[in-house]
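A short worksheet on the structure shown next.
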Amino acid sequence: MRLLAAAANPFRHFLFFPYHLSTVTFTSSHPCSSYDPSAQFLPFDSQHHRLLALPASLRRDTVLALARLLKTSLQCHLDLDTLTSQSRSLLPDRFAAASRLAASSTALRPFSSLLLAALLPGASTHLLAWCSSDRSSGSYSALRLALHAFLAAGMASEALVVLAHIRCGGNTPSLSAIAALLRLLFRAGEVRPAWKVFVEMTARGPRPSLAIFNAMILGFCHRGLVHIGLGLLGVMWRFNVIPDACSYNILIKGYSVFGQAGDAFQLLDEMRESGCQPTVVTYNILVNVLCHDGNMVDARRLFDEMVKVGIEANTITFNVLVDGYAKAGRMDEAYAACREMKARGLVPDCCTFNILSAGAYKFGKAVQLAHGQQELHEMFGSRISADSVDMVVCRLCWDGRLDDAWKLVCSAIEQGVPVSVAGFNALVAAYSKEGFDEQALEVYSVMNKIGLVPSSPTFNYLIMGLCNQGRLDDAQLLLEHMICKGYCVGTSFTIYMDSYFRSGNVEGALKCWDDMVKVGVQPDFIAFSAYISGLCRLDHVNEAYQAFVEMTGRGFVPNNITYNSLISAFCRVGYVSEALKLEKKMRQSGLIPDVFTSNILIDGFCKEGRLDMMNKRFLDMYNSGLTPDVVTYNTIINAYCGAQDMSSAMIFMNKMLADGCEPDIFTYNIWMHSLCNNHLLNRAVKMLDELVAMGCMPNSVTYNTLMDGICSDVLDRAMILTGKLIKMAFQPNTVTVNVFFSHFCKQGFGKRALVWAEKLKEDSVAFDDATMNILDWAYKEMEDDSQASNADIDRCLFLEFLMLMTYKAMRNSRSSKFTYVPIETVFYPAGSNTIKVLDTG
């Protein structure tokens with residue numbers, strides 16, 4: 001009541017953020033449509049305070065009806081006081097007051113049900129008893145009020161009970177109530193009860209409307225039951241309902257999400273034949289399908305077709321197109337599409353910025369990224385409205401200023417300036433990528449507290465962060481939650497599966513791939529690419545190639561990354577001839593092998609010792625317009641060094657410099673390794689000095705290479721060189737340990753290697769396969785009881801000194817582990833009655 005007068009007058013005010021950046025100033029304007037007058041009547045301690053709100057379209061009529069009653073009816077004052085006073089009235093009195101309020105004006109029915117919903121779920125049992133009792137006269141009006149209250153509170157099972165009472169009384173519920181109930185049931189994954197409500201509706205009324213059919217189709221498509229949705233489309237005519245573009249779009253989207261692109265395009269043809277014209281949403285869905293499949297030629301053709309038939313592209317259309325180009329690594333075309341977008345008068349949003357930023361960072365287009373940021377800054381100017389806070393949050397995240405982005409979001413919330421799901425997603429993604437999974441979960445908690453519904457990308461980023469930290473069990477909980485709530489989980493499964501591949505657990509990854517099919521998710525282009533890359537990474541070449549054949553058989557167009565993964569796997573296992581056949585197939589499909597392809601094949605030839613084929617491939621790169629990079633030269637130089645052909649290695653080193661390709665630390669490591677192998681340790685150390693003088697920082701490979709050489713060198717000189725390396729404060733790792741263990745064994749002191757191994761295990765130092773092989777060598781040496789000569793005692797003491805220094809350095813460098821945040825503190829998984837979909841063991 002205290003704010004009703006204020007609600008009647010439109011107002012505009014500006015809120016300035018207390019958090020300032022040097023380049024932007026934030027302002028916010030709030031029209032009265034964002035203000036909900038009913039919020040003042042909700043109890044402030046209610047857990048539903050943020051979730052319960054009148055639809056904006058009903059607020060004006062509610063306010064006017066309530067204002068009229070307050071002027072003329074004392075009972076209205078009493079009823080409102082009963083429902084909202086701090087002193088607790090009896091629940092039946094509150095129910096009766098809400099019923100009288102609803103009966104006084106049709107416009108106040110939604111408001112009255114909202115007031116009752118504020119009492120739920122605590123009063124649910126009492127409300128069910130009251131609406132069917134004699135005190136309410138068991139009237140339809142009381143049942144209707146209770147039904148809408150339960151629906152507003154999101155309590156589908158109680159709503160079903162009230163609906164049954166309404167049916168038993170021979171009454172017919174409203175279409176709006178049925179539509180809300182269906183949405184709730186589908187959201188909770190209750191498909192059978194939803195179908196039962198629909199069937200009962202067709203038999204007893206009310207007659208299903210277009211909105212009801214669309215809600216049913218959407219619900220089934222969300223659950224992966226697209227065929228049932230298509231069946232509903234076919235029976236709509238029996239109820240004199242004509243499908244609209246929304247009906248077809250839902251089904252087309254369903255087919256595209258579950259990997260049935262062919263059916264989606266077939267439905268587009270049927271849509272046209274029925275006389276229903278596609279909309280921009282239809283084209284957006286289908287262009288996105290082609291982009292996800294990597295088929296950018298057809299995606300652009302469909303985009304141009306949309307423009308020709310007179311349908312104006314919107315920001316989403318261009319974002320889809322830009323995203324397709326960016327994911328394919330075609331950043332020049334992505335920026336061209338962005339410029340075309342602006343030329344048509346459309347304004348890029350935070351999604352556009354994120355897409356371009358991600359592509360620029362991934363494909364090394366930092367200059368273009370800086371240019372793109374400047375363009376976006378000029379477009380929005382120095383004053384960015386509240387609707388563009390998301391853009392600033394995204395920009396801060398890409399600049400690595402996560403704390404500033406979080407402060408900005410908190411400040412916006414405090415000032416009442418809206419931050420969308422996209423802005424929160426940017427923060428969740430940034431924290432997850434940086435390994436701050438606990439902060440990402442905190443952002444997710446804030447989203448829930450302010451009433452924002454997380455999207456599929458929100459969960460995808462959380463799953464990515466958890467997987468990156470090895471918390472696969474927690475990631476599985478989130479994935480199961482998404483499945484139960486009807487979220488699209490294709491990308492989530494891909495992230496989850498890829499994490500198993502990266503951890504070397506191929507069985508878990510294959511189980512995850514099978515689970516995708518079990519829950520009705522058809523792998524898309526990205527899923528197939530990740531699956532093939534994962535199998536290739538673990539050298540399961542045959543399985544990877546079978547997946548590749550299946551991928552092409554489903555109509556997906558592999559890109560260079562997919563082909564390169566397979567070619568690399570074939571080369572690693574020694575099937576270079578098969579790799580060459582695959583490269584030929586790659587050309588036949590219209591793709592042009594890139595420098596990565598050539599580098600992979602050159603490395604394959606080097607490993608087989610086919611240096612003549614390596615040289616031929618190197619020349620072919622120039623003939624095809626490719627420029628060899630530092631990886632190309634490093635591979636060739638390493639091959640010649642391994643073959644002890646130092647003159648040829650020097651020829652390519654000089655050619656590398658002549659072509660303007662700067663050597664990197666790997667180039668120098670190759671040379672130092674070769675020098676150490678040829679007992680030219682002084683020259684290797686001289687090269688180290690030159691490296692430091694040039695500002696090229698040595699890495700752990702440099703350190704381990706020189707340490708290996710030192711251990712084989714003359715003792716006096718080795719001690720001097722060791723002092724030089726210690727001063728450089730190199731950080732030892734498992735390879736360093738392996739170097740020392742192997743030299744213990746070579747000198748006949750395998751027992752010392754075993755002693756140090758036990759000491760390192762006590763400190764939880766991880767060993768690799770090479771370590772275990774060396775320790776097996778040490779055990780065998782002890783069994784043979786071979787003894788070192790006294791002349792080698794000094795060498796043993798020197799190794800002991802090096803091992804002690806390494807042990808101390810590794811202990812000191814062990815950082816504390818990340819703070820573990822239990823997933824249950826921010827996310828409540830489904831109850832025990834939920835069937836566990838995933839079981840990765």
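For the subset of segment 787-800 comprising residues that are in contact with a helix residue (DSSP H, G or I) (Cβ under 8 Å, 6 or more places away or on another chain) and surrounded by 12 or more Cβ atoms within 10 Å (Cβ to Cβ), which member is modelled with the lowest pLDDT? Within segment 787-800, the match that is modelled with the lowest pLDDT is A788. For segment 761-781, the tally of residues that are under 14 Å from Y807 (Cα atoms), in contact with a helix residue (DSSP H, G or I) (Cβ under 9 Å, 6 or more places away or on another chain) and modelled with pLDDT under 80 stands at 3.
Taking E583 as the residue in question, decide whether it is surrounded by fewer than 16 Cβ atoms within 10 Å (Cβ to Cβ) and in contact (Cβ under 8 Å) with a residue 12 or more places away in the chain. It would help to see each step written out before you state the result.
Working: surrounded by fewer than 16 Cβ atoms within 10 Å (Cβ to Cβ): no; in contact (Cβ under 8 Å) with a residue 12 or more places away in the chain: yes.
Against the criterion (surrounded by fewer than 16 Cβ atoms within 10 Å (Cβ to Cβ) and in contact (Cβ under 8 Å) with a residue 12 or more places away in the chain), E583 does not qualify.
If a residue has to be surrounded by fewer than 21 Cβ atoms within 10 Å (Cβ to Cβ) and part of a helix (DSSP H, G or I) to count, how many in segment 542-567 make the cut? Within segment 542-567, residues that are surrounded by fewer than 21 Cβ atoms within 10 Å (Cβ to Cβ) and part of a helix (DSSP H, G or I) number 10. Filtering segment 546-561 to residues that are modelled with pLDDT of 90 or more and β-branched (V, I, T) leaves only V549. Can you tell me which residue within segment 125-140, out of those that are within 26 Å of L66 (Cβ to Cβ) and either among the hydroxyl-bearing types (S, T, Y) or modelled with pLDDT of 90 or more (or both), is surrounded by the most Cβ atoms within 10 Å (Cβ to Cβ)? Only one residue fits best here, namely S136. Taking the condition outside any helix (DSSP H, G or I) and either at pLDDT below 90 or surrounded by 19 or more Cβ atoms within 10 Å (Cβ to Cβ) (or both), does L626 pass? When the stated conditions are applied, L626 passes them.
Of the residues that sit in segment 418-464 and are in contact with an Asp or Glu (Cβ under 6 Å, 6 or more places away or on another chain) and part of a helix (DSSP H, G or I), which one is surrounded by the most Cβ atoms within 10 Å (Cβ to Cβ)? Residue satisfying both the conditions and the ranking: G423.
To keep it simple, each residue is scored yes or no on (1) assigned to a helix (DSSP H, G or I); (2) acidic (D, E); (3) at pLDDT 80 or above; (4) in the same structural domain as K780 (by TED's automatic domain parsing).
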{"residue": "D713", "(1), (2), (3), (4)": "no, yes, no, no"}
{"residue": "A718", "(1), (2), (3), (4)": "yes, no, no, no"}
{"residue": "T722", "(1), (2), (3), (4)": "yes, no, no, no"}
{"residue": "L725", "(1), (2), (3), (4)": "yes, no, no, no"}
{"residue": "V737", "(1), (2), (3), (4)": "yes, no, yes, yes"}
{"residue": "F741", "(1), (2), (3), (4)": "yes, no, yes, yes"}
{"residue": "F744", "(1), (2), (3), (4)": "yes, no, yes, yes"}
{"residue": "G748", "(1), (2), (3), (4)": "no, no, yes, yes"}
{"residue": "R752", "(1), (2), (3), (4)": "yes, no, yes, yes"}
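Exactly one residue among Q439, Q415 is modelled with pLDDT under 85 and not aliphatic (A, V, I, L, M), and that residue is Q415.
Note on segment 403-453: residues that are of a type in the set (S, T, Y) and within 29 Å of G470 (Cα to Cα) amount to 4.
Filtered by the rule that a residue be among the polar types (S, T, N, Q), under 22 Å from G262 (Cβ atoms) and free of Cβ contacts under 8 Å to residues at least 60 places away in the same chain, segment 530-559 gives Q546, T552.
Can you tell me how many residues in segment 391-417 are crowded, with 22+ Cβ neighbours inside 10 Å and in a helix (DSSP H, G or I)? Working first, answer last.
Here is the first cut: in segment 391-417, the residues crowded, with 22+ Cβ neighbours inside 10 Å are 391-397, 405, 408-409, 412, 417.
Cutting the leftovers down to in a helix (DSSP H, G or I) gives us 391-397, 405, 408-409, 412.
Qualifying residue count for the region: 11.
Criterion applied to L181, L143, L108, L175 was being buried (at least 20 other Cβ atoms within 10 Å of the Cβ), in contact (Cβ under 8 Å) with a residue 24 or more places away in the chain and closer than 26 Å to I217 by Cα, and the one residue passing it is L181.
The values are calculated or read from the model by the stated rules, or taken from the named source; none is laboratory data. Keep in mind that this is a model prediction, so the values were computed, not measured. Cβ sites come from the backbone with ideal geometry, for glycine too, and all protein chains shown count toward neighbours.
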